[in-house]
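S.K.: Let me give you the structure first, and then I'll get to my questions.
The values are calculated or read from the model by the stated rules, or taken from the named source; none is laboratory data. Bear in mind the structure is a predicted one, so any value in this text is a computation, not a measurement. With ideal geometry, Cβ positions are generated from the backbone for all residues, glycine too; neighbour counts draw on all protein chains shown. When the accessible area is computed, the model is the full protein with side chains, heavy atoms only, and any ligands, DNA or RNA have been set aside. Shrake-Rupley method; radii C 1.70, N 1.55, O 1.52, S 1.80 Å.
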Amino acid sequence: MKIVESRFFAGINIHCYKPVLEAIVDLEALAGKSTSQFPEFAPALVGLMPGLKEHVCGIGRRGGFWLRLRKGTYFGHVVEHVAIELLNMAGYQASYGKTRAAEKEGLYTIVIQCQWPKSALLALSMAITLTEELLRGEGPEQVDIAPLEKQLLQEMPGPSTQAIIDAARSRGIPVKLMEHGSLLRLGTGKYRQFVAATITGRTPCIGVDIACDKTLTKKILAEAMIPTPRGAIARDEEHALEIARELGGMVVVKPADGNQGKGVSLNLQSEAEIRSAYKVAQNYSAKILVEEQIFGRHYRILVVNNRVEAVSERFPARVVGDGIHSIKDLIEIENRNPLRGEEHEKPLTKIKVDQVVFNVLARQNLTMNYVPQRGEEINLRDNANLSTGGTAADVTDDIHEENKILACRIARLLDLDVAGIDVVTEDIAQPLLAGRGAVIEVNAAPGIRMHLFPARGQRRPVGDAIVDYLFPWQRRHSIPLLSVTGTNGKTTTSRLIAHAFSRQGKKVGLACTDGIYIDGICINAGDNTGPVSADVVLSDPAVEVAVLETARGGLVRKGLGYTEADVAVATNISSDHLGCDGINTLEELCHVKSLVVETVRPDGYAILNADDERVLAMAAKCPGQIIMFSLAAQGNRALAKHLAAGGRGVIVEDGAIVLVEGNRRDRLAELGSVPITFGGRARYNVANCLAAAGALWGMGMEKEDIAAGLCSFDARRHNPGRTNIYDLGTCRVILDYGHNYEGYRHVLDLMNSMVPQRKVGVVGVPGDRRDADIIAVGKLCGQQLDCIYIKEDQDLRGRKRGEVAGLLRRGIEQAERKPQVEEIYCEREALESAVSRHQPGDLIVVFYERLDALLSVLEKFN
């Protein structure tokens, strides 16, 4: 077996509401074979991985997969479950997977739920290898899960970052883990906030700079009458000794701009100890600080937004003797503790043996080979940082009120919104200023593991405190989001919605077929209807409202670009793109697009086309409320039932757009005053206006503002390329982006309603459509048009030049009418020919690929 290709869905997708890996696996020689043909395989597999017996599969209860495995199942299914179990064994709780036969024989699509792409791919590769080994009778005695554990630890955020992620998600705040380190983006649009470790987007840069400079921090605090250790920066090793003599007693030597306790040596008195400590500190900084030793217990006070949220007493790295093992062995044993990791990826950090450890042991007249008595505690370091193997106990309830006030004052003095204040004093329950303690350091990016996973005492929800500070309760964390899907009308509906909000002075982020727009400025032209474009809009702090056109391609290939929408619109479902990306039927297409409706907020709205049975069926999956719209309200039983129950609807009645709620009717706008409906003749644009009105109504926009948005929406200015009509004097031209049968039919109906002398068309269909769909468009054009210019798109999408044109001609020949036909592959040249050869009264419709090129032609003839 081998993995042919794979792709990762980072968010909600067509398979699952959680991130998944989708892979195409070639079963090769195992294609068509069943586990029942290998009697020894199932017992051997479950013997190695007994957790497989718990997997639910098929029968819907625990043991389902084990039953399938014994009775006989295909090996793609086996690999799926083995990969999931490997992830579970490595510490990641995966539960969802599925395997389906792909279009090509022997290939299977395997889906595995996992948030971490490299880990999921590694699990699948390991599953294939393990399965093949067992089939050859070469299976291992036990599964080596270490590589997968290592990969997961590399990808997963550490406990501190995860605490903030969990706190945000518990409140429904969108979270994006950026690729670099522990940087998080919380919220969307103008409410967006960054958090890196515990530095927030509101943390002043100058506050961080001050805290990173220990001498400057001490100076500011000392001037504010806050006790700090006496000391100075040493120019060199000899100067360090001189400073120590001036201070008298024991001293501390540490990097002046270090962090996490690295390079810090305490309890130094002799010249040799100071010289050795100086050399250690030089490995971390060129500026070495020598200061007096403050004796007492070590505490960390966490301040968030001028409030003390947690207090810990910290203890240096140490081992406890058992009378058997040496210090070296005890360290190795402690480092096997599953709570300890290499860095910050676990609650505790492994004890690292370096020169500082040797120096501390030497002061105790000990070596690594010493065997401590049972219960004997051996300190390995003097500093009490978790980053160097220390531990902590929660003492939040013990801190004196005056010390809380002092800690908040220190954070304010250094201009820090989040600060970790290191204090040494005899007892945190006594006022620091009344005793002999001092403030040792202030950290601008304090680690919070000690508060989340104390060795003793209560766990403190400090991640929640940081999130609550950035996003106070009862205030928004995300901008309003409207998502528009369907087959036809998505772009026009999205533009209508965006226009109405823009008229209110809102800064709108719009992602649609022709570009991404931030407050009306195009920042990226081209098709932008997928999750990448959605993220661009949602990440921009200028944006106040997001309007996202959400197309089939993005949903199938990359998933949804957001977690939930305030309003979802489904315009219609008809044949388009069938045969692409494994979507072959209208039912499958509807399943893909219904994802937009399924992710509406519980207090949001789905705007559904009551004239389309497939769209209407999406209502059953909507967690929010429904607003229906209909061009043919009379006789629509589903709409009548919905309104009778007090539901909302948008309909056409007596030549006007009407909002209906129960028995109440509000006449919104006359069709004659809505430009893009062309007096109601462009029925498809009437439907788009109904959908947009429903979306704006669902967002709580006043009816007067909805009407103003519709009536001020100009086709050529606000909706370029969608039914734009140009009057060239003796002929008229319609430009439209119609690219499927229904799109063509709608525009040709409008063309007929305009009663031209002669109907001329420049037609073409994208090459990725099915042959039958291209032929059907050709037949429709043959039945409706008097003169046809066949053109081909520049992007043939895998077809040969002339192939699409040939299919269109076949369709035209099937029509009862016999229009004049000419093949001019370039659409620009085709339009030039149509206009230059026109007869008075001609109406020319161009179904274009590239709008800019055609506009220049019209400019020339105008």
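S.K.: Sorting ASP654, ASP213 by accessible area (1.4 Å probe), largest first, what list results?
M.R.: Values: ASP654 130, ASP213 40 Å².
Largest to smallest exposure gives the sequence ASP654, ASP213.
S.K.: With +1 on each Lys and Arg Cβ and -1 on each Asp and Glu Cβ, and nothing else charged, work out how big the dipole of segment 228-313 is about its Cα centre, in Debye to the nearest 20. Display every interim value, and only then the final one.
M.R.: On the way: 11 positive and 12 negative charges, 62 e Å.
Dipole magnitude for segment 228-313 comes out near 300 debye.
S.K.: Could you tally the net charge around ILE479, taking each other residue with its Cβ under 14 Å from the Cβ of ILE479, Lys/Arg +1 and Asp/Glu -1? Could you put the intermediate results ahead of the total?
M.R.: On the way: positive: ARG185, LYS190, ARG192, ARG475, ARG476, LYS506, LYS507, ARG601; negative: ASP519, ASP535, ASP540, GLU544, GLU564, ASP566.
Once all neighbours under 14 Å are counted, the net charge is +2.
S.K.: Which pairs break 24 Å Cα to Cα here: LYS190/LYS214; LYS779/LYS860; LYS98/LYS621; LYS558/LYS593; LYS506/LYS703? Working shown, then result.
M.R.: Values: LYS190/LYS214 35 Å; LYS779/LYS860 32 Å; LYS98/LYS621 21 Å; LYS558/LYS593 13 Å; LYS506/LYS703 17 Å.
Pairs exceeding 24 Å: LYS190/LYS214; LYS779/LYS860.
S.K.: Quick one: grab the alpha carbon gyration tensor of segment 104-247, order the square roots of its eigenvalues as a ≥ b ≥ c, and give me rounded if a/c is under 1.5, else prolate or oblate depending on whether a/b is larger than b/c.
M.R.: Numbers: a/c = 4.58, a/b = 1.96, b/c = 2.33.
Taking the square roots of the gyration eigenvalues as a ≥ b ≥ c, segment 104-247 is oblate.
S.K.: Also: Using the alpha-carbon atoms, what tilt in degrees (0 to 90, nearest 10) does helix 159-170 show relative to the longest principal axis of the chain?
M.R.: Compared with the principal axis, the helix lies near 40 degrees.
S.K.: Let me ask something else about it. Each residue of segment 379-391 in order: what ³J(HN,Hα) in whole Hz does its phi give by Karplus 6.51 cos²θ - 1.76 cosθ + 1.60, θ = phi - 60°, with x for Gly and Pro?
M.R.: Couplings: 6, 9, 9, 9, 6, 10, 7, 5, 5, 10, x, x, 10 Hz.
S.K.: For segment 511-553, with every protein chain kept in place, what is the accessible area per residue (1.4 Å probe, Å²)? Mind dumping the intermediate values first?
M.R.: On the way: 1430 Å² over 43 residues.
Here the residues of segment 511-553 average 33 Å² of exposed surface.
S.K.: When the convex hull of the C-alpha atoms of segment 282-333 is computed, what volume per residue in Å³ does it have?
M.R.: Details: hull volume 11.2 nm³, N = 52.
Residue-normalised Cα hull volume stands at 215 Å³.
S.K.: Now for a different question. Say the dipole of the chain comes from +1 at the beta carbon of Lys and Arg and -1 at that of Asp and Glu; which of THR563, THR529, LEU639 then lies farthest toward its positive end?
M.R.: LEU639
S.K.: Right, another one. Against the longest alpha carbon principal axis of the chain, how many degrees, from 0 to 90 and to the nearest 10, is the axis of helix 237-247 turned?
M.R.: On a 0 to 90 degree scale, this one is about 70.
S.K.: Using Cα-only point scatterers and the Debye equation, what is log10 of I(q)/I(0) for the chain at each q in 0.08, 0.11 Å⁻¹, rounded to two decimals?
M.R.: Relative scattering, expressed as log10 I(q)/I(0), comes to -0.89, -1.22.
S.K.: Can you order the peptides 655-666, 590-601, 365-376, 262-273 by their average number of other Cβ atoms within 10 Å per residue, highest first?
M.R.: Values: 655-666: 15.5, 590-601: 22.0, 365-376: 12.3, 262-273: 18.8.
Averaged packing, sorted descending, gives the order 590-601, 262-273, 655-666, 365-376.
S.K.: Pull up all non-local amide H partners of GLY72: gap of 5 or more, or a different chain, and H-to-H distance under 5 Å with H placed in the peptide plane.
M.R.: Those lying under 5 Å, H to H, from GLY72 are SER36.
S.K.: So, with +1 on the Cβ of K and R and -1 on the Cβ of D and E, and no other charges, what is the size of the charge dipole of segment 500-607 about its Cα centre, to the nearest 20 debye? Each step should come with its number before you reach the end.
M.R.: Working: 8 positive and 15 negative charges, 30 e Å.
That gives a dipole near 140 debye.
S.K.: In terms of modelled amide H atoms, which long-range or inter-chain residues lie less than 5 Å from the amide H of VAL439?
M.R.: Under 5 Å from the amide H of VAL439 lie the amide H atoms of THR228, each far enough along the sequence or on another chain.
S.K.: Here's something else I'd like to know. Largest first, how would HIS451, HIS746 line up by accessible area (1.4 Å probe)? All intermediate terms of the calculation are to be shown ahead of the outcome.
M.R.: Details: HIS451 0, HIS746 50 Å².
I get HIS746, HIS451, largest accessible area first.
S.K.: Also: State to the nearest 20 debye the size of the charge dipole of the chain about its Cα centre, where the only charges are +1 on K and R beta carbons and -1 on D and E beta carbons.
M.R.: Values: 102 positive and 108 negative charges, 263 e Å.
In total the dipole reaches around 1260 debye.
S.K.: Order of 411-423, 377-389, 750-762 by packing, highest average Cβ count within 10 Å first?
M.R.: On the way: 411-423: 23.2, 377-389: 21.6, 750-762: 18.5.
Packing proxy ranking, top to bottom: 411-423, 377-389, 750-762.
S.K.: Rounded, prolate or oblate: which one fits segment 509-608, using the alpha carbon gyration tensor with axes a ≥ b ≥ c (rounded when a/c is under 1.5, else prolate when a/b beats b/c, else oblate)? It would help to have the intermediate numbers written out before the result.
M.R.: Details: a/c = 2.18, a/b = 1.39, b/c = 1.57.
Judged from the Cα gyration tensor, segment 509-608 comes out oblate (a/c at least 1.5, b/c at or above a/b).
S.K.: Taking only Cα atoms, what is the 0 to 90° angle, nearest 10, from helix 117-135's long axis to the longest principal axis of the chain?
M.R.: Approximately 90 degrees, to the nearest ten.
S.K.: Got a sec to turn the phi values of segment 657-671 into Karplus ³J(HN,Hα) couplings, 6.51 cos²θ - 1.76 cosθ + 1.60 with θ = phi - 60°, whole Hz, x for Gly and Pro?
M.R.: Taking θ as phi minus 60°, the curve returns 7, 10, 8, 10, 9, x, 8, 8, 10, 10, 6, 8, 7, 6, 4 Hz for segment 657-671.
S.K.: Go through segment 850-862 residue by residue and turn each phi into a ³J(HN,Hα) via Karplus (6.51, -1.76, 1.60, θ = phi - 60°); whole Hz please, and just put x for glycine and proline.
M.R.: Running phi through 6.51 cos²θ - 1.76 cosθ + 1.60 with θ = phi - 60° gives 10, 6, 4, 5, 6, 4, 5, 5, 5, 4, 5, 7, 5 Hz.
S.K.: Taking all protein chains together and a probe of 1.4 Å, list TRP697, TRP473 from the most accessible to the least accessible. Show your work: numbers first, answer last.
M.R.: Values: TRP697 20, TRP473 155 Å².
Accessible-area ranking of TRP697, TRP473, largest first: TRP473, TRP697.
S.K.: Then there's this: Please report the antiparallel percentage of the DSSP beta bridges confined to the chain, to the nearest 5.
M.R.: Details: 92 of 140 bridges.
Bridges in the chain that DSSP calls antiparallel: roughly 65 percent.
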